[in-house]
């Protein structure tokens with residue numbers, strides 16, 4: 001049974017897509033039938049696990065750290081789990097028009113994007129999905145489908161996510177995974193009018209964070225070398241042999257370069273150091289949203305907490321100086337060459 005209370009339910013049932021599943025008969029979209037409500041936790045999977053009690057916990061599958069995206073664990077016999085063939089799923093959403101205003105949040109990793117999502121999630125005006133897993137499944141370059149089918153599936157998936165928003169909200173914000181920015185051009189082709197932000201941070205601090213707790217794009221670096229070698233301009237064999245320091249630095253730089261190359265009047269770059277102070281200004285300039293005094297105060301309160309703590313009890317502890325102090329001479333050289341050389345070019349039009 002769901003742990004969500006009746007008072008938290010703000011409407012009817014939704015069918016929210018969470019991942020793709022394949023068997024001998026084809027590829028299916030896995031959706032969960034849930035009460036329509038807000039997703040307040042730091043990450044999409046946190047909400048599914050905590051508010052809806054639908055995810056299994058403590059499960060590790062063989063070589064789970066190898067894939068770019070970890071599988072979503074759920075009880076296949078749960079009556080809330082729905083399997084839809086991808087063609088049927090695409091057709092179902094092809095003519096759908098979403099009446100909520102969308103906004104996309106991209107980032108270079110470990111740079112305040114979760115804080116951004118948490119600040120937005122405090123307001124009932126905003127429906128926030130922090131790294132919804134279906135997008136990772138669709139963008140995963142290892143998914144063997146045509147580009148046309150992938151494009152249709154991405155469009156349908158984001159529409160389906162937006163359709164899950166509470167009726168009272170005005171905006172739908174989607175925070176993507178950091179590696180998703182590699183496919184930013186592809187995403188914007190499907191959503192050319194959506195305004196988006198790219199959050200960035202001093203590369204040395206980010207490098208330390210991703211090395212301490214490797215994200216999927218670093219954990220899977222060897223199994224996905226053939227997919228990412230073109231982005232990095234390195235042949236597959238060399239990419240497999242360079243150090244984690246160099247690989248991570250190159251990837252962080254490419255994230256920044258990709259965002260810069262695709263910037264427009266619909267985009268804005270936000271530095272981690274200015275994120276909290278400039279947040280209201282960014283919301284106004286990028287999405288023409290005037291935050292209320294109540295929202296600003298609530299965002300200030302939430303910003304004092306550890307943004308990744310689902311219990312919302314742990315206070316935020318600044319770590320910039322500590323991370324820089326841990327850095328080696330080699331790391332500083334790599335960051336200067338591959339990351340900061342690109343990040344310095346992230347200027348708003």
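Classify region 54-166: rounded, prolate or oblate, from the alpha-carbon gyration tensor (a ≥ b ≥ c, eigenvalue square roots; a/c under 1.5 rounded; otherwise prolate if a/b is larger than b/c)?
On the way: a/c = 1.37, a/b = 1.06, b/c = 1.29.
Judged from the Cα gyration tensor, region 54-166 comes out rounded (a/c under 1.5).
Which residue fluctuates the most in the chain, going by a Gaussian network model with Cα springs under 10 Å, if the choices are 25, 264, 243?
The residue that fluctuates most here is 25.
Take the Cβ-Cβ distance between residue 245 and residue 50 as r, set R0 to 51 Å, and report the resulting FRET efficiency rounded to the nearest 0.05.
0.90
Using Cα pairs under 8 angstrom and six or more residues apart, how large is the relative contact order of region 176-279, in percent? Spell out each step's value before the answer.
On the way: 71 pairs, mean separation 51.2, N = 104.
Once divided by the residue count of region 176-279, the mean separation gives 49 percent.
Can you give the three extents of the C-alpha atoms in region 116-263 along their principal axes, from longest to shortest, in whole Å?
51, 37, 26
Among 98, 270, 206, whose mean-square fluctuation peaks in a Gaussian network model of the chain (Cα, cutoff 10 Å)?
98
Kindly provide log₁₀ I(q)/I(0) values, in the same order as q = 0.15, 0.24, 0.29 Å⁻¹, from the Debye equation applied to equal alpha-carbon scatterers of region 154-213.
For region 154-213 at q = 0.15, 0.24, 0.29 Å⁻¹, log10 I(q)/I(0) is -0.63, -1.09, -1.36.
Region 258-349: percent of C-alpha pairs farther apart than 20 Å?
Numbers: 2350 of 4186 pairs.
Counting every Cα pair in region 258-349, those more than 20 Å apart make up 56 percent.
Can you tell me how much longer the chain between residue 311 and residue 168 gets when fully stretched, taken as 0.36 nm per residue apart minus their C-alpha distance, in nm with one decimal?
On the way: separation 143, 0.36 × 143 = 51.48 nm, distance 2.54 nm.
Length difference between fully extended and current span is 48.9 nm.
Across the Cα atoms of region 124-187, what radius of gyration and what greatest pairwise Cα-Cα distance (Dmax) are found, in Å?
Taking only Cα atoms of region 124-187, I get Rg and Dmax of 12.6, 38 Å.
Hey, in the GNM for the chain with a 10 angstrom Cα cutoff, which one of 289, 158, 135 fluctuates hardest?
289
Please give the FRET efficiency for residue 333 paired with residue 223, using the beta carbon to beta carbon distance and R0 = 35 Å, rounded to the nearest 0.05.
Values: r = 28 Å, r/R0 = 0.79.
FRET efficiency, residue 333 to residue 223: 0.80.
List residues of region 282-302, by number, whose backbone nitrogen lies under 20 Å from a label position 7 Å along Cα→C-beta of residue 349.
Correct set: 282-289.
Quick check: residue separation of residue 76 and residue 23 times 0.36 nm, minus the Cα distance between them. What number comes out in nm?
Here the answer is 17.7 nm.
Based on alpha-carbon atoms only, what is the radius of gyration of region 193-235 relative to the globular estimate 2.2 N^0.38 Å? Write down the numbers at each step before the final one.
Values: Rg = 13.5 Å, N = 43, 2.2 N^0.38 = 9.2 Å.
In units of the globular-protein estimate, region 193-235 measures up at 1.47.
Roughly what would the spin-label model give for residue 148 and residue 322, points 7 Å off Cα along C-beta, in nm?
Distance between label points: 5.3 nm.
For Cα pairs less than 8 Å apart in space and 6+ apart in sequence, what is the mean separation divided by the residue count of the chain, i.e. the relative contact order in percent?
Working: 547 pairs, mean separation 70.0, N = 349.
It comes to 20 percent, rounded to a whole number.
How many angstrom lie between the C-alpha centres of region 96-110 and region 257-289?
Their Cα centres are 13 Å away from one another.
First measure r as the distance between the Cβ atoms of residue 290 and residue 235, then evaluate 1/(1 + (r/R0)^6) with R0 = 51 Å and state the FRET efficiency to the nearest 0.05. Could the numbers behind the result be given before it?
Numbers: r = 51 Å, r/R0 = 0.99.
E between residue 290 and residue 235, to the nearest 0.05, is 0.50.
No lab work stands behind these numbers, since they all come straight from the coordinates. From a predicted model like this one, the values you see are computed outputs, not experimental measurements. Every residue, glycine among them, receives a Cβ derived from its backbone with ideal geometry; neighbour counts consider all protein chains shown.
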